[in-house]
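Trainee: I'd like to ask some things about the structure below.
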Amino acid sequence: MGKIYMIGSQKGGTAKTTTTFNLAYCLRKMGKRVLALDFDSQANLTTCFGVEDTGVLDDTIGHLMMAQIEDMKLPSPKKYIRTKDGVDFIPSSIYLSVVDAKLRLEMGAEKMLSGILEPLREKYDYILIDTCPSLGTLTINALAAADEVIITVNPQLLAMMGMQDFLRTVVKIRKRINPGLGIAGILMTMCESRTKLCKVLTEEVTESFQEQIRVFETRIPSTVKVGESIYYSLPVAEYSPKASAGMAYRRFAKELVSYEG
Ligand SMILES: Nc1ncnc2c1ncn2[C@@H]1O[C@H](COP(=O)(O)OP(=O)(O)OP(=O)(O)O)[C@@H](O)[C@H]1O
Ligand SMILES: [Mg+2]
């Protein structure tokens, strides 16, 4: 049975999408069966997979969510799961924001995404959910569907701010909706090795959370190769095999798997 990870953080621009994309690819390279889900109406992950005009798609996660809310039969997975370089993915589009608005008016709608993903579990080793930076209904749906959360932290962006709110939400979801929900750990992304900030902030995050939450040993360095690789719709390890971030994502995938024992 596959494990569902949500890649999340309360902040924008912490490399959630970049992490989902590269982790999916690295896990695939390790021989794992991987499904990446774009659960953000910005559809950045979908673009990473090389889908250009997302606005015209009619087989996105938004459409599946809408069908689920309306109690309609879901199409067969063949209809909405795409594949690139061995990694399966479900695209998103701006339509997910319509779903977001609708979810707010629905009663007991926290488990809609879970209802879509549960039947897919048996086909995969890992399902990775890329989320948007908010604590709204979509994020709650992702937390209700996930087994564990990977929290991405960009040390450039006042890393600790809002983290407690995010953690409080996780605790609430665990109590009320998804008792099995855990936190896999905190991943430091976009670390500038030339500056002391990354080191200082990593220490700060580690000191504050060490007792409760693992801070992954692997840190993802900041490099222009990441932006370039995304432009070409490639994982960084593929775009530039020697790039530090690509090697770090490979190490991170191994580290993550190693904790499963
Ligand atoms: N290791 C890195 N080095 C340099 N740039 C990076 C790195 N990781 C991500 N970036 C860049 O930072 C920006 C934000 O990354 P990304 O889109 O993955 O963040 P996000 O958390 O998904 O953002 P959002 O909250 O908007 O969904 C992108 O332009 C991306 O190319
Ligand atoms: Mg994103």
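The values are calculated or read from the model by the stated rules, or taken from the named source; none is laboratory data. Bear in mind the structure is a predicted one, so any value in this text is a computation, not a measurement. Every residue, glycine among them, receives a Cβ derived from its backbone with ideal geometry; neighbour counts consider all protein chains shown.
Trainee: Which residue is modelled with the highest pLDDT, if the candidates are limited to the range 8-46 and must be within 20 Å of MET160 (Cα to Cα) and more than 8 Å from ligand 1 (Cβ to nearest atom)?
Mentor: Looking at residues that are within 20 Å of MET160 (Cα to Cα) and more than 8 Å from ligand 1 (Cβ to nearest atom), I get GLY8.
Trainee: Let me ask another. Can you give me the number of residues within the range 219-243 that are away from ligand 2 (no atom under 16 Å from the Cβ) and either farther than 20 Å from THR152 by Cα or crowded, with 17+ Cβ neighbours inside 10 Å (or both)? Don't jump to the end; show me each part of the working.
Mentor: Residues of the range 219-243 away from ligand 2 (no atom under 16 Å from the Cβ): 219, 221-225, 228, 232, 234, 237-243.
Checking the rest, the ones that are also either farther than 20 Å from THR152 by Cα or crowded, with 17+ Cβ neighbours inside 10 Å (or both) come to 219, 221-223, 225, 228, 232, 234, 237-243.
Total meeting the criteria: 15.
Trainee: Let me ask something additional. Output yes when any residue across the range 164-178 is of a type in the set (Asp, Glu) and closer than 23 Å to SER134 by Cβ, and no when none is.
Mentor: Yes, that holds for at least one residue.
Trainee: Take the range 99-157 and flag every residue that is away from ligand 1 (no atom under 14 Å from the Cβ), within 20 Å of ALA15 (Cβ to Cβ) and of a type in the set (Asp, Glu).
Mentor: GLU148
Trainee: Something else: Considering only residues that are of a type in the set (Ser, Thr, Tyr) and under 12 Å from SER41 (Cβ atoms), look in the range 89-136 and name the one that is nearest to the chain's Cα centre (by Cα). Full working, then the answer.
Mentor: Restricting attention to the range 89-136, the residues satisfying the condition of being of a type in the set (Ser, Thr, Tyr) are 92-93, 95, 97, 114, 124, 126, 131, 134.
Then drop every residue that is not under 12 Å from SER41 (Cβ atoms), which leaves 92-93, 95, 97, 131, 134.
Details: SER92: 13, SER93: 16, TYR95: 19, SER97: 17, THR131: 5, SER134: 13 Å.
By that ranking, first place goes to THR131.
Trainee: Filter the range 35-90 for residues that are of a type in the set (A, V, I, L, M), part of a loop (DSSP other than H, G, I, E, B) and in contact with a strand residue (DSSP E or B) (Cβ under 6 Å, 6 or more places away or on another chain) and give the result.
Mentor: ILE81
Trainee: Kindly indicate which of ILE7, ILE61 is closer than 25 Å to THR169 by Cα, of a type in the set (Val, Ile, Thr) and within 10 Å of ligand 2 (Cβ to nearest atom).
Mentor: Within the list ILE7, ILE61, the selection yields ILE7.
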